[in-house]
Amino acid sequence: MLNKFLLSLAFCLIASLAIGHNQNLERLSYNNPDLLVDLGVGLWGWPLPMDYNNNGLTDLVVASTANGIYNGVYLFENTGITDTLTNLPVFKAARRLGKAVRNPAISYIDEKPVITTPGYVYPDFKNTVFENPDSIPAPVSRDFYPEGGSFRGNHWRYFDYNGNGIMDLLVGIGYWGKYGWDNAYNDKGQWTRGPLHGHVFLLLNNGTNENTFYEDPVRLMDTDGKPIDVFGRPLPNFADFTGNGKPDLICGEFRDGFTFFENVGTRNKPLFAPGRPLINGDKHIRMDLCMITPVAYDFTGNGWPDLVVGDEDGRVALVEHTGKMVDGMPLFLPPRYFRQQADEVKFGVCVTPVGIDWNGNGRDDIIAGNTAGQIGFIENLGGNPVKWDAPKLLEAGGEIIQIIAGANGSIQGPAESKWGYTTPTVADWNNNGLPDIIVNSIWGKIIWYENIGTRTKPELAAARPIDVEWEGEAPKPAWNWWDPQGNELVTQWRTTPVAVDWTGNGLTDLVMLDHEGYLALFRREMRDGKLILLPGERVFQIDWKHLSDEPLRLSARKAGGSGRRKLAIADIDGDGRLDLLLQTGQNSSYFRNLGEVNGITVFRDKGPVDELTLGGHTPSPTVIDLDGDGVPEFLIGAEDGFLYYKKNNFTEPGR
């Protein structure tokens with residue numbers, strides 16, 4: 001009898017181990033070799049264009065400098081094949097070369113690439129990447145600002161400032177000292193602190209190229225006596241953009257544009273006119289996203305320096321110099337994004353996926369948001385392994401969906417004007433049998449897009465607010481400078497509004513953070529033939545061995561630190577109760593629904609979905625059924641914009 005018991009116990013242990021460790025999180029692959037997608041790395045793309053393999057074609061080496069699993073330097077080899085869509089070369093899928101470090105920059109000395117970071121140069125970059133730096137004997141960056149204050153973005157490049165053949169240093173720094181960080185709007189939505197600054201410093205080399213001696217940094221000024229200054233993160237490029245033999249200056253910025261400073265002096269004594277934005281026709285040239293990283297490089301080989309530019313989401317674009325001048329300004333074309341052979345599924349950064357059969361063909365697709373404020377449809381094309389199509393941007397009311405903060409929609413200030421942080425869920429909101437899309441964003445306003453198409457051909461109407469039958473004024477987070485309109489639902493930003501029939505009455509409820517960060521149930525009812533949404537109830541708790549009187553609060557922080565929590569709801573273990581998937585740390589955890597006690601649903605933390613560290617910003621979990629067995633699998637959107645998939649390891653009831 002004892003032997004049978006021990007045998008049974010051993011079998012259970014083996015089964016438990018098999019369930020818990022059957023598969024690690026893996027990046028979702030396109031499995032679609034003929035597909036071309038936008039070339040991109042993870043969060044923060046730093047292009048370092050060079051002929052890496054010495055075959056006469058410009059390759060793209062791109063650094064992704066965020067912390068987390070995708071950090072690295074990646075090589076995209078130029079295939080020499082022209083993409084008919086962009087008229088640019090097609091690149092191979094990425095190959096990782098090594099670890100990346102912050103603030104890389106590239107200079108071209110005697111037409112050879114030289115890689116630097118603040119205070120360091122990497123003479124053996126092609127072989128050892130960032131492993132074996134040599135120090136640059138120059139003042140440290142913090143000494144550039146004796147007045148103190150923080151800065152982000154610190155980029156060092158070699159260049160010959162005064163035409164004497166000796167390499168000097170050009171340093172661009174994004175200064176945040178006057179900006180602070182967040183929660184500084186007055187009641188009219190006006191930012192009460194200063195802007196970001198983007199200053200450019202010259203460190204003249206009074207030695208030689210072999211034995212350098214750099215002078216103290218000097219802040220470059222324009223001919224009006226004002227510092228060269230853009231809105232943060234300048235990444236200065238010193239090149240002859242006008243074709244008159246005198247190098248000019250083009251700077252990027254923290255957001256999305258470029259500023260041209262014409263050299264109105266001489267080759268030996270540069271003087272810079274006040275900055276003007278780069279334009280094409282009557283439009284400013286802007287990148288799709290922010291935190292741009294321009295590199296002056298003659299990519300087209302026509303003798304004119306183009307701009308190869310990275311975006312926050314890791315994509316890289318060419319801003320091509322036409323070789324023409326208009327009003328003394330170089331004329332560039334709008335950005336064209338390079339494309340690569342498809343490898344791993346990606347949609348921007350801080351991607352927020354939802355697994356759902358969007359087009360009614362019986363296969364689970366992916367609807368996802370991202371920092372750019374977009375909503376994408378990634379179609380499941382079937383097969384085993386599943387084949388995926390490239391993300392398509394969804395439209396609503398005939399226009400591409402893009403929710404952005406603008407001048408005052410982000411609690412963290414106007415520097416975030418390009419961000420949107422769309423966080424969607426998909427459910428039948430109006431009870432007509434068609435899946436609609438419900439979205440939170442950087443604003444914290446919960447809106448929905450009605451599906452006015454068919455089950456197999458969805459079409460979205462323009463956004464409408466989700467209203468609540470409030471008793472009195474509509475609540476809002478205490479730090480919002482603006483008030484809700486009417487009965488609209490306003491809560492903490494960047495957190496998932498989970499639309500699900502929680503109560504089991506056939507109507508779609510909302511489970512999400514309320515304006516004070518508590519997980520709340522917003523019940524749905526039908527009154528007099530009309531669907532209504534009731535105010536949130538704090539009816540969830542965590543079982544910490546015994547119940548307390550405290551409802552589950554997922555976000556107790558204020559202003560910029562509020563919200564952000566990503567969650568999903570599904571029956572994870574197959575026991576018939578809806579469980580909770582919750583972003584925890586740098587991954588996500590499964591909280592099992594233990595049932596109700598006096599109207600309170602009790603969850604128990606069963607641990608992380610996986611131990612993998614996905615990145616600093618909040619991972620976004622969902623469930624998806626790719627193998628069609630009716631058991632939900634895990635899909636987690638990460639900071640790097642990639643999607644991570646894993647079989648469900650919690651399917652045994654009671655685990």
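The values are calculated or read from the model by the stated rules, or taken from the named source; none is laboratory data. Note that the structure is predicted; figures quoted are calculated from it, not measured. Glycine gets a Cβ as well: all are built from the backbone with ideal geometry, and neighbour counts include every protein chain shown. Surface accessibility is based on the protein's heavy atoms, side chains included, excluding ligands, DNA and RNA. Shrake-Rupley method; radii C 1.70, N 1.55, O 1.52, S 1.80 Å.
Observations on the structure shown:
- Residue 233 vs. criteria surrounded by fewer than 22 Cβ atoms within 10 Å (Cβ to Cβ) and in contact with a Leu (Cβ under 9 Å, 6 or more places away or on another chain): no
- Of everything in segment 40-63 that is within 12 Å of residue 315 (Cβ to Cβ) and in contact with a Leu (Cβ under 8 Å, 6 or more places away or on another chain), the residue that is surrounded by the fewest Cβ atoms within 10 Å (Cβ to Cβ) is 60.
- Odd one out for residue 81 among (1) closer than 30 Å to residue 207 by Cβ; (2) part of a strand (DSSP E or B); (3) β-branched (Val, Ile, Thr): (1)
- Matching residues, segment 500-556, being under 25 Å from residue 443 (Cα atoms) and among the β-branched types (Val, Ile, Thr): 500, 508, 511, 532
- Scanning segment 602-623 for residues that are out of contact with any Leu (no Cβ under 8 Å at 6 or more places or on another chain) and assigned to a strand (DSSP E or B) turns up 605, 606, 607, 608, 620.
- Selection from segment 281-306 of residues that are of a type in the set (D, E, K, R) and outside any loop (DSSP other than H, G, I, E, B): 283, 286, 306
- Among residues of segment 399-419 being within 15 Å of the chain's Cα centre (by Cα) and not small (Gly, Ala, Ser), the one that is surrounded by the fewest Cβ atoms within 10 Å (Cβ to Cβ) is 402.
- Restricting attention to segment 429-472 and to residues that are of a type in the set (D, E, K, R) and crowded, with 16+ Cβ neighbours inside 10 Å, the residue that is nearest to residue 530 (Cα to Cα) turns out to be 467.
- Residue in segment 481-492 that is within 27 Å of residue 433 (Cα to Cα) and hydroxyl-bearing (Ser, Thr, Tyr) present: no
- Members of segment 244-277 that are outside any strand (DSSP E or B), surrounded by 15 or more Cβ atoms within 10 Å (Cβ to Cβ) and of a type in the set (Gly, Ala, Ser): 252, 273, 275
- Set 31, 24: member being at pLDDT 95 or above, open to solvent by 40 Å² or more (accessible area, probe 1.4 Å) and not in a helix (DSSP H, G or I): 31
- Subset tally (residues that are out of contact with any Leu (no Cβ under 9 Å at 6 or more places or on another chain) and either open to solvent by 60 Å² or more (accessible area, probe 1.4 Å) or among the acidic types (Asp, Glu) (or both)) for segment 114-128: 4
- When residues of segment 318-349 are limited to those that are aliphatic (A, V, I, L, M) and over 21 Å from the mean Cα position of the chain (by Cα), the one least open to solvent (accessible area, probe 1.4 Å): 319
- Counted residues, segment 108-120 - those being free of Cβ contacts under 8 Å to residues at least 60 places away in the same chain, more than 24 Å from the chain's Cα centre (by Cα) and part of a strand (DSSP E or B): 5
- Taken over segment 484-508, the residue count meeting the criterion of being among the charged types (D, E, K, R), surrounded by 21 or more Cβ atoms within 10 Å (Cβ to Cβ) and in a strand (DSSP E or B) is 0.
- Criterion violated by residue 614 - all others in (1) more than 24 Å from residue 363 (Cα to Cα); (2) at pLDDT 95 or above; (3) open to solvent by less than 10 Å² (accessible area, probe 1.4 Å) satisfied: (2)
- When each of 94, 100, 66, 105 is tested for being buried (at least 16 other Cβ atoms within 10 Å of the Cβ), at pLDDT below 95 and not β-branched (Val, Ile, Thr), the lone residue that passes is 66.
- Within segment 530-582, considering residues that are under 18 Å from residue 600 (Cα atoms) and polar (S, T, N, Q), the one surrounded by the fewest Cβ atoms within 10 Å (Cβ to Cβ): 548
- Identity of the residue in segment 617-631, touching an Asp or Glu at 6+ places or on another chain (Cβ under 6 Å) and surrounded by 21 or more Cβ atoms within 10 Å (Cβ to Cβ), that ends up modelled with the lowest pLDDT: 617
- Pair list, Cβ under 7 Å, 6 or more apart: segment 82-103 residue on the phi > 0 side of the Ramachandran plot, other residue buried (at least 16 other Cβ atoms within 10 Å of the Cβ) and β-branched (Val, Ile, Thr): 98/73; 98/129; 103/117
- Applying the condition of being of a type in the set (S, T, N, Q) and at pLDDT 90 or above to segment 129-149 and asking which residue is surrounded by the most Cβ atoms within 10 Å (Cβ to Cβ) yields 132.
- Residue 281, sole failed condition from (1) closer than 30 Å to residue 567 by Cβ; (2) out of contact with any Pro (no Cβ under 9 Å at 6 or more places or on another chain); (3) small (Gly, Ala, Ser): (1)
- Number of positions in segment 509-529 that are open to solvent by 40 Å² or more (accessible area, probe 1.4 Å), farther than 19 Å from residue 492 by Cα and touching a strand residue (DSSP E or B) at 6+ places or on another chain (Cβ under 9 Å): 2
- Considering each residue of segment 286-295 in turn, none proves to be surrounded by 17 or more Cβ atoms within 10 Å (Cβ to Cβ) and more than 26 Å from residue 640 (Cα to Cα).
- The set of residues in segment 438-477 being among the aliphatic types (A, V, I, L, M) and more than 27 Å from the chain's Cα centre (by Cα) consists of 452, 468, 474.
- Residue in segment 356-369 that is nearest to residue 629 (Cα to Cα), counting only those that are open to solvent by less than 20 Å² (accessible area, probe 1.4 Å) and not in a loop (DSSP other than H, G, I, E, B): 365
- Of all residues in segment 417-430, those satisfying the criterion of being touching a residue at least 60 places away in the same chain (Cβ under 8 Å), touching a Gly at 6+ places or on another chain (Cβ under 8 Å) and not hydroxyl-bearing (Ser, Thr, Tyr) are 419, 424.
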